[in-house]
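J.: Sharing a structure with you now.
The values are calculated or read from the model by the stated rules, or taken from the named source; none is laboratory data. Predicted model only: the values in this text are computed from it and were never measured. Quick reminder, even Gly has a Cβ in these numbers, built from the backbone with ideal geometry, and neighbours come from all protein chains shown.
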Amino acid sequence: MDVTRREVVRAKGRFASGNLVRLGLMAVPFVFFGLFFAYPVAAIVGRGLRPEGAWAFSVLGEVLADPAIGRVLWFTLWQAAASTALTLALGVPAAYVFARLEFPGKRLLRAVLVIPFVLPTVVAGSAFLALLGRGGVLDGLFGVRLDTSVWAILVAHVFFNFAVVVRTVGGLWAQLDPRQEEAARVLGAGRAAAWRRVVLPALAPSIGAASLIVFLFTFTSFGIVQILGGPRYATLEVEIYRQTADLFQLPTAAVLTLLQLLVVVLLLAWHARTVRKRESTLSLVPAEQTAHPPRGRGQWALLWAVLGVVGVLVVAPLAVLVERSFNGPDGYGLTFYRQLFTDTGNTTFPVPPIAAVGNSLAYAAAATALALVVGSLAATALTVRRGAGGPGRLVRGFDALLMLPLGTSAVTVGFGFLVALDEPPLDLRESWLLVPLAQALVGVPFVVRTLLPVLRAVDVRLRESAAVLGASPLRVWREVDLPMVGRSAAVAAGFAFAVSLGEFGATVFLARPDAPTLPVAVARFLGRAGEANYGQAMALSTLLMVVCGATLLVLERVRTHSAGEF
Amino acid sequence: MHRYVRRAAAASTALALALLAACGAGSGDDGKTVRLVTHDSFNVSKSVLKKFTERTGYKVEVVSGGDAGAMVNQAALNKGNPQGDVLFGVDTALLSRALDQKIFTPYRAKGLDKVPERYRADDRNRVTPVDSGEICVNYDRKYFAEKDLEPPRTLDDLTKPAYRDLLVTENAATSSPGLGFLLATVDEYGEDGWNSYWKKLRANGVEVVDGWEQAYNDRFSGSRGGKGEGDRPLVVSYASSPPVEVVDADPKPKQAPTGVARETCFQQVEFAGLLDGAGNAEGGRKLLDFLLGKEFQEDMPLQMFVNPVREDARLPELFTRYGEQAKDPATMAPERIADNHEQWVKAWTSLVVK
Amino acid sequence: MLELDGVTVRFGTRTALEEVQLAVAEREIVCVLGPSGSGKSTLLRVVAGLQDPESGAVRLAGQDQARVPVHRRGVGLMFQDQQLFPQRDVGGNVAFGLRMHGVPAERRARRVAELLGVVGLPGAEHRAVASLSGGEQQRVALARALAPQPRLLMLDEPLGQLDRGLRERLTRELRRIFTELGTTALAVTHDQSEAFALADRVVVMEEGRIAQQGTPLEVWRQPASEFVARFLGFENVVTATVHGDGVATPWGKAPAPADWPDGEVRLLVRPTGVRLGPAGTGLRCTVEARTFRGGSGSTVTLLLRPAGGGPPLEASCPLGEAPEEGDVVGATLDPDELVLLGGA
């Protein structure tokens, strides 16, 4: 009797202090998201819904009743679902190959897969059309052209998101104990049944996470849909951009933004619910133990099929860009690269264009640092041991909040910054910080997703034994958590870095003209006629690929089996 | 790894401090800089800009806001508390919105008397015309020479069977030349006729792509950027595109590789104005004078590939030698564009998508 | 029931199994014994079809299994660390194989309950796998492997990670269950006491080859080679010379059976074959160490250091008669406890 009561009291005490620590840790990410996400988005939406200082809710009904908007919403949803399904269909076998089979060049190829992620869509779209469009490989071989159909959009979405599936699903797959599958086989399950009943359920959380990311990316797809689908197809994102930037119909844009947010929130809620049900402790083994050279005709065939898909879908478009960057006016050479180093003498590039490499690296480094600080604080807050019946809902809500920027239109955030952050002490419109801030918004979810599983996996007893040996909570974190998380923090940093490197939608509004990032500089070159401009655009794109690839290769070296979902 | 983490921690501390500093400092107007808000196609020679600084003591800081439409809308959102002092790059299609949103304050720039009446759009001088450019159909000379075919001259020509499947244009909903070409056809065939013109154009195999980059670089066979690998010898681009094609050529050819269908053009004028609530209105006025000054006007053609609006500005040799003047380009009153823009684009979209 | 005929498996340049010949009869319990890396687990994987042999044949009930996929071989395999499916509960794990064989739900439930009873976990159907203790996990894994009634059940280190007491109890239980159900079983282990307690027949493996097979008693009494002897824990292995009816060892002479060949041989002297007497009889030795192993036998193992040099000698004697450390004793060899080892 007595004992039970003391237990209760102790539990309560723990609950209170755990909560306090959690709230303290959450403060920074919370302020960050409030100030740089929620406030700007609310400001621009408010501008639209309260044009004359009074709420104009009638516009809500008008916009939602418009059949054209209904069509846009329908198209946005189904193309995102179809793109996700297609990416999974092609990506899951590839995840298997990259996780379980050994073949030369695997590391390099895995880094190459991520490059599309950082390429400006206008560049990637161009390369893509060269392959799958008129006169492309498919056209030449089979007379098939994809650029006129919705397939072009779907296939391009696979191109951009392939790496998400391969890395997320493959990362877990590499660590699944192969004997689980063997156990099922010995119990009488065929190859397919063993996969469906044992491997698939174990992979479910990672497949769920990958699907969520791919769906969010394709749901808010902008450049690809415009380049490959315009004027036939438009997503909500394209429509929001058009209403905001072209037509200045802020009320309509506001309603569409809310609609987009609503869908994303519903999706996140549904995902959180289903994933929580599926989560179970898995028996994991070090990844190096599970990979082996291909055996048997089936595995060889699978390997070649996957390499074929990767070759056509990812490597070939990238190769086209590289080829074009060397194809100068006098045959192949370094002409365009040399031109990058010359001063143009005008204000389009006040410094030689090559400076964009430095700008990009500096912005991306700042954004990465921001994302790491905010993301790791958030991840730590989410792992603080909860007391009896801890505030699980608050945590999950916070978790989902961090994902929201991935599902919000870049133009909304960009314009929101200008509306919301225009008064001292927060007049950041002129500050260089705007760019890394906007980029960090996209990077934080990646950091959190990567760090969370590792932090959760740190054995509580390690922390307890450190505490028993006299370490304060802060000291425990520094001595126990930090060293274990260090390596996956590097992996998280790499993703945040890649995401910042490739961010275009918000950066183009916010970057100062005298300090363009690589994607912005590429777009600037492409917007001007003439061979030299086009060639330099290709040369800069190639440099962008090299920078990204090199970063990822370095990170491959520190990538550990304990790294998280991405 | 420890070292890595410690360095990351140090970097983030520095960042937090920088953030605070930036918040506290606000925008430091020292009265010596003048800010020019413009679109991402703006360009000027550094040497010309330097002369402005030498003469007036003001340094010019360029602030970019994406494409022209996004830029005007941003200015409208920041009305009264603008990001800069002068805004340059409002074109004919956007002018009405800019004026309706009352983002400008009147100023009559020096040198306006040298600008012909047809370029001026506002008698209250809230905006000042700076340059003009024409959106025209360009053709690939080589293709037509090889086929021994006369290149098209007029909009009507484009619907003829001889030019079947040759033209590529841009999405009027998202691309400025695309919209300009649509406006040219509205001007030519009127409210009742442009629909059927586009039906004919469609029947004759016009292809619509999203932006100028795809149309000109990827699909047009005459662009050197695309190495002549494009499949369409006709493209909607600018009257100044042919000179651009030879700007880097060495030695210079006799003739530009591309030509202009001179009766397919739509004229766009670009305006600048003093922003209402400018922190440095005095410097802004000086900058507007400078934009209409002869030096800037004569520098423009080779930097932005547009025509000066000043009568006495001399065109560079590249333009006189390789450029082609549009013949009676179509124009349209900004109010008419503003009133009908959305409706025209909607109708156009359903015409070409079907 | 099971026949392996000349089975060879290589991983790169390493040979895991070489020309293995093995037969297991119906209802027989065979234990493969060997140090880690001797190819025991590979042997099981070949039989299960999880590993293709490079050459040789696997026959079950006389039928070649080369083209039969894993799930159609009708064998069961209990993995070293159980490999229970974490996303299913105990009942789901046990029922898995039955579902794969299309057993209707009702019969499935009955069989699951029955098997959980057999392994001593009645009513555990709905418990989560993660909540089980090590011993309980072993029992569930066993029930899961038994459920589809495999014609041959294979067990990889079935009791490997359990503590000693539990291991001994479970060994007895396993034997009871197999006998009761008439199961044919092939187990591998590195623990000789486990093998001897469980098996009808023991197979000792050395570097991919079968070093010896026989009943536990045969193997214990007559290790076929020095490797087997040492693996079973015997230390008194020396080179000796047979001459007529006597054998000369570093520890003295002893009579030799008539069928021993003349010349140099490797010889094992069982610790129980070292008779101790007062100093002055036999070989004079000092007791260097004394280890009490516990258990029902209550014997003490002594390490003797011969006074005249030569290798140390291990002896065992009943607790009550054991000398103290430092005592000087005389040792003689019992001819019945000498074993001539093959493959010197």
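J.: Does any residue of the range A:397-410 turn out to be modelled with pLDDT of 75 or more and within 14 Å of another protein chain (Cβ to nearest Cβ)?
T.: Yes, the conditions are met somewhere in the range A:397-410.
J.: Conditions first: (1) closer than 20 Å to residue A:510 by Cα; (2) at the interface with another protein chain (Cβ under 10 Å from one of its Cβ atoms); (3) not aromatic (Phe, Trp, Tyr). Residue B:46 passes all but one, so which condition is the exception?
T.: The failed condition is (1).
J.: Right, here's the next one. Given the condition at the interface with chain A (Cβ under 10 Å from one of its Cβ atoms), of a type outside the set (Lys, Arg), in contact with a Ser or Thr (Cβ under 9 Å, 6 or more places away or on another chain) and within 26 Å of residue C:159 (Cβ to Cβ), answer yes or no: does some residue in the range C:109-128 qualify?
T.: For the range C:109-128, residues at the interface with chain A (Cβ under 10 Å from one of its Cβ atoms), of a type outside the set (Lys, Arg), in contact with a Ser or Thr (Cβ under 9 Å, 6 or more places away or on another chain) and within 26 Å of residue C:159 (Cβ to Cβ): present.
J.: Still on this structure, I have one more. Among the residues in the range B:189-196, are any in contact with a Leu (Cβ under 7 Å, 6 or more places away or on another chain), more than 11 Å from every other protein chain (Cβ to nearest Cβ), part of a helix (DSSP H, G or I) and not charged (D, E, K, R)?
T.: Looking through the range B:189-196, at least one residue is in contact with a Leu (Cβ under 7 Å, 6 or more places away or on another chain), more than 11 Å from every other protein chain (Cβ to nearest Cβ), part of a helix (DSSP H, G or I) and not charged (D, E, K, R).
J.: Then there is this: So in the range B:201-210, with the set limited to residues that are part of a loop (DSSP other than H, G, I, E, B) and more than 7 Å from every other protein chain (Cβ to nearest Cβ), which one is nearest to the chain's Cα centre (by Cα)?
T.: So, considering only residues that are part of a loop (DSSP other than H, G, I, E, B) and more than 7 Å from every other protein chain (Cβ to nearest Cβ), the one nearest to the chain's Cα centre (by Cα) is B:206.
J.: Restricting to strands (runs of 3 or more DSSP E) lying wholly in the range C:216-291: which have 2 or more residues that are under 20 Å from residue C:311 (Cβ atoms) and touching a Cys at 6+ places or on another chain (Cβ under 9 Å)?
T.: Of the strands (runs of 3 or more DSSP E) lying wholly inside the range C:216-291, those with at least 2 residues that are under 20 Å from residue C:311 (Cβ atoms) and touching a Cys at 6+ places or on another chain (Cβ under 9 Å) span C:274-278.
J.: Quick check: is even one residue across the range A:288-297 of a type in the set (S, T, N, Q), at pLDDT below 85 and assigned to a helix (DSSP H, G or I)?
T.: Applying the first criterion (of a type in the set (S, T, N, Q)) to the range A:288-297 yields A:289-290.
Now drop any that are not at pLDDT below 85, which leaves A:289-290.
Now restrict to residues that are assigned to a helix (DSSP H, G or I): A:289-290.
Checked the range A:288-297: at least one residue is of a type in the set (S, T, N, Q), at pLDDT below 85 and assigned to a helix (DSSP H, G or I).
J.: Further question: Can you name the residue in the range A:172-191 that is outside any loop (DSSP other than H, G, I, E, B) and under 19 Å from residue C:151 (Cβ atoms) and is also farthest from the other protein chains (Cβ to nearest Cβ) among such residues?
T.: Step one: filter the range A:172-191 for residues outside any loop (DSSP other than H, G, I, E, B), giving A:172-173, A:176, A:178-186, A:191.
Those left that are additionally under 19 Å from residue C:151 (Cβ atoms): A:182-186.
On the way: A:182: 5, A:183: 4, A:184: 7, A:185: 4, A:186: 4 Å.
So the residue we want is A:184.
Here's the yes/no breakdown for (1) touching a helix residue (DSSP H, G or I) at 6+ places or on another chain (Cβ under 8 Å); (2) more than 14 Å from chain B (Cβ to nearest Cβ); (3) in a helix (DSSP H, G or I); (4) at pLDDT 90 or above:
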position: A:75; (1), (2), (3), (4): no, no, yes, yes
position: A:80; (1), (2), (3), (4): yes, yes, yes, yes
position: A:86; (1), (2), (3), (4): yes, yes, yes, yes
position: A:92; (1), (2), (3), (4): yes, yes, yes, yes
position: A:107; (1), (2), (3), (4): yes, yes, yes, no
position: A:113; (1), (2), (3), (4): yes, yes, yes, no
position: A:122; (1), (2), (3), (4): yes, no, yes, no
position: A:127; (1), (2), (3), (4): yes, no, yes, no
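J.: For the range C:93-113, does any single residue satisfy the condition of being within 25 Å of the chain's Cα centre (by Cα) and either surrounded by fewer than 20 Cβ atoms within 10 Å (Cβ to Cβ) or at positive phi (or both)?
T.: Checking the range C:93-113: not a single residue is within 25 Å of the chain's Cα centre (by Cα) and either surrounded by fewer than 20 Cβ atoms within 10 Å (Cβ to Cβ) or at positive phi (or both).
J.: Just a yes or no: is a residue in the range C:163-175 of a type in the set (S, T, N, Q) and surrounded by 20 or more Cβ atoms within 10 Å (Cβ to Cβ)?
T.: yes
J.: If we keep just the residues of the range B:222-254 that are in a loop (DSSP other than H, G, I, E, B) and within 22 Å of residue B:182 (Cα to Cα), which is nearest to the other protein chains (Cβ to nearest Cβ)?
T.: Ranking the qualifying residues of the range B:222-254, first place goes to B:240.
J.: Could you tell me whether residue B:338 is more than 19 Å from residue B:135 (Cα to Cα), surrounded by 13 or more Cβ atoms within 10 Å (Cβ to Cβ) and touching a residue at least 60 places away in the same chain (Cβ under 8 Å)?
T.: Answer is no for this residue.
J.: Turning to a different aspect of this structure: Only strands (runs of 3 or more DSSP E) wholly contained in the range C:1-103 count here; list those with 2 or more residues that are under 30 Å from residue C:125 (Cα atoms). Can you show your working first?
T.: On the way: elements: C:2-11, C:14-24, C:29-33, C:55-60, C:75-78.
Result: C:75-78.
J.: Now for a separate question. Quick one: in the range A:195-219, which of the residues that are crowded, with 24+ Cβ neighbours inside 10 Å and among the β-branched types (Val, Ile, Thr) is farthest from the other protein chains (Cβ to nearest Cβ)?
T.: The qualifying residue farthest from the other protein chains (Cβ to nearest Cβ) is A:214.
J.: What number of residues within the range A:96-105 satisfy the criterion of being touching a Gly at 6+ places or on another chain (Cβ under 6 Å) and either more than 20 Å from residue A:549 (Cβ to Cβ) or not in a helix (DSSP H, G or I) (or both)? If you could, list the steps in order and put the result at the bottom.
T.: Taking the range A:96-105 and keeping what is touching a Gly at 6+ places or on another chain (Cβ under 6 Å), we get A:98-99.
Remaining after also requiring either more than 20 Å from residue A:549 (Cβ to Cβ) or not in a helix (DSSP H, G or I) (or both): A:99.
Residues flagged as touching a Gly at 6+ places or on another chain (Cβ under 6 Å) and either more than 20 Å from residue A:549 (Cβ to Cβ) or not in a helix (DSSP H, G or I) (or both) within the range A:96-105 amount to 1.
J.: Take the residues of the range C:50-72 that are crowded, with 17+ Cβ neighbours inside 10 Å and within 8 Å of chain A (Cβ to nearest Cβ): which is farthest from residue C:117 (Cα to Cα)?
T.: Across the range C:50-72, the extreme among qualifying residues is C:50.
J.: Let me ask something else. So, in the range B:87-128, exactly how many residues are touching a strand residue (DSSP E or B) at 6+ places or on another chain (Cβ under 7 Å), buried (at least 19 other Cβ atoms within 10 Å of the Cβ) and among the basic types (Lys, Arg)?
T.: So the count comes out to 1.
To keep it simple, each residue is scored yes or no on (1) without any contact (Cβ under 8 Å) to a residue 24 or more places away in the chain; (2) in contact with a Phe, Trp or Tyr (Cβ under 9 Å, 6 or more places away or on another chain).
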residue	(1), (2)
B:141	no, no
B:146	yes, no
B:160	no, no
B:170	no, yes
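J.: Only one of (1) over 25 Å from residue C:227 (Cβ atoms); (2) surrounded by fewer than 19 Cβ atoms within 10 Å (Cβ to Cβ) is not met by residue C:335, so which one is it?
T.: Result: residue C:335 passes all but (1).
J.: Select, from A:498, A:467, A:515, the only residue that is part of a helix (DSSP H, G or I) and either in contact with a His (Cβ under 7 Å, 6 or more places away or on another chain) or modelled with pLDDT of 70 or more (or both).
T.: Answer to the selection: A:498.
J.: Can you tell me which of C:144, C:151 is surrounded by fewer than 22 Cβ atoms within 10 Å (Cβ to Cβ) and within 14 Å of chain A (Cβ to nearest Cβ)?
T.: Sole residue among the options that is surrounded by fewer than 22 Cβ atoms within 10 Å (Cβ to Cβ) and within 14 Å of chain A (Cβ to nearest Cβ): C:151.
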